[in-house]
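A.B. asks: For reference, the structure I am asking about is given below.
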C-alpha cells in the first residue's frame, strides 16, 4: 500500500512523522474524508465531489495559515495517481491531511511553523449500516461555538468533541450521538449532518447553528428539491422537535444517508426507514456510483485496468 507525503509517493510503512510534530501536540491540522465508490459493472471508481472537498480543505488551510504548494487541481491529480498506484478495486476512503509539520513543540505562533501534506487511500466499507434505522442519543457534550473554534471546516482539534460524543453514545448502547449547541438547539451528529422531516418538509440546522456545512448535506438538499420536489428549510431546531418529527436521517461522506429510528429511547415515526428518507437514499446511491447521468459531473471517474 502506498501513501503520499511531503511531495512523494512512498510505501505507507515509511510515511512517518516525528514525535515532535507540531500538529500532533496542538491539533494544528485540517483534513477531509472523500469517498471513492466502486462500480463493478464498468470496472471503474467514482470519486464523489472531490473538487468541493479539496476546496474546503484549502479553506481550512487558510484558517490555520497553512500554505500548500498545490491547487485543487493538483490535489485531485495526486489523489487519482495514488488510487491507481494502489489499484484498489473496491470502495475506498480518501484521507488528505494538511498540517503543521515542523518539529516545534513549544511554538504557539502559526505563522512561524512550516507546513506539510499527506494522503492515504484505504479500503472502506459501511461506516454505519444504511439498510436499517439506527438508535441515537443526545450527547452531554456540546458543539463548540464558531467564536471558540471555527466550525465550518474540518480542523483535527475540533473533532475531539465529536469523538467524546460518539464514544459516550456507543458505550451507552446507542449507534450514534446528536450534539446540541450551547443554547440547547440542534447542531449535528458526531460525524454527520442532521435532517428531520415534518409534514413533508425537510428541515436542517442552518449555517449559524455551528454545524459543518457538509458536502453530502449540500448534495441531499439539491437532490431533494430538484428531483423529489421537497421544500427544504434551514433553521434552528429545538431538541423536542426531533422527538415529534415524522422522520430523521443523517448525512455524511462516511455515513451516506442513514435513517434514525430512535432518539433517546423515543421512536421516530414508525421506527423504520421512512418513505422520504428511502427516496433520498436510493437517489443518492445511484449518483455515488455514476449511474445517474444527470449528476455525472459530481463524480470523477477512474477506469481501472
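The values are calculated or read from the model by the stated rules, or taken from the named source; none is laboratory data. On a predicted model such as this, the values are computed, not experimentally measured, just so you know. Note that each Cβ is placed from the backbone with ideal geometry, even for glycine, and that neighbours are counted across all protein chains shown.
This table checks each residue for (1) part of a helix (DSSP H, G or I); (2) in contact (Cβ under 8 Å) with a residue 24 or more places away in the chain.
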residue: 272; (1), (2): no, yes
residue: 283; (1), (2): yes, yes
residue: 290; (1), (2): no, yes
residue: 297; (1), (2): yes, no
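A.B. asks: For the stretch 49-59, state whether one or more residues are within 18 Å of residue 121 (Cβ to Cβ), modelled with pLDDT of 95 or more, over 17 Å from the mean Cα position of the chain (by Cα) and buried (at least 22 other Cβ atoms within 10 Å of the Cβ).
C.D. replies: Scanning the stretch 49-59 turns up no residue that is within 18 Å of residue 121 (Cβ to Cβ), modelled with pLDDT of 95 or more, over 17 Å from the mean Cα position of the chain (by Cα) and buried (at least 22 other Cβ atoms within 10 Å of the Cβ).
A.B. asks: From 259, 245, grab the single residue that is more than 23 Å from the chain's Cα centre (by Cα), under 19 Å from residue 174 (Cβ atoms) and either surrounded by 15 or more Cβ atoms within 10 Å (Cβ to Cβ) or at pLDDT 95 or above (or both). Spell out how you get there, then give the answer.
C.D. replies: Working: 259 fails: more than 23 Å from the chain's Cα centre (by Cα).
Exactly one of 259, 245 is more than 23 Å from the chain's Cα centre (by Cα), under 19 Å from residue 174 (Cβ atoms) and either surrounded by 15 or more Cβ atoms within 10 Å (Cβ to Cβ) or at pLDDT 95 or above (or both), namely 245.
A.B. asks: So which residues in the stretch 1-37 are in contact with a helix residue (DSSP H, G or I) (Cβ under 8 Å, 6 or more places away or on another chain), surrounded by 17 or more Cβ atoms within 10 Å (Cβ to Cβ) and assigned to a strand (DSSP E or B)?
C.D. replies: Listed by number, the residues that qualify are 2, 3, 4, 29, 30, 31, 34, 35, 36, 37.
A.B. asks: Let me ask you something else. Which is under 30 Å from residue 125 (Cβ atoms), assigned by TED's automatic domain parsing to the domain that holds residue 162 and modelled with pLDDT of 95 or more, of 203, 237, 215? Even if it seems obvious, please write down each step before you answer.
C.D. replies: Values: 203 fails: under 30 Å from residue 125 (Cβ atoms); 237 fails: under 30 Å from residue 125 (Cβ atoms).
Exactly one residue qualifies, and that residue is 215.
A.B. asks: Let me ask you something else. Checking the condition under 24 Å from the mean Cα position of the chain (by Cα), surrounded by 15 or more Cβ atoms within 10 Å (Cβ to Cβ) and over 21 Å from residue 143 (Cα atoms), which residue from 278, 294 passes?
C.D. replies: On the way: 294 fails: surrounded by 15 or more Cβ atoms within 10 Å (Cβ to Cβ).
None of the others qualify; the one that does is 278.
A.B. asks: Return yes when residue 156 is crowded, with 16+ Cβ neighbours inside 10 Å, without any contact (Cβ under 8 Å) to a residue 40 or more places away in the chain and touching a strand residue (DSSP E or B) at 6+ places or on another chain (Cβ under 6 Å) and no when it is not. Full working, then the answer.
C.D. replies: Numbers: crowded, with 16+ Cβ neighbours inside 10 Å: yes; without any contact (Cβ under 8 Å) to a residue 40 or more places away in the chain: no; touching a strand residue (DSSP E or B) at 6+ places or on another chain (Cβ under 6 Å): yes.
Criteria not met by residue 156.
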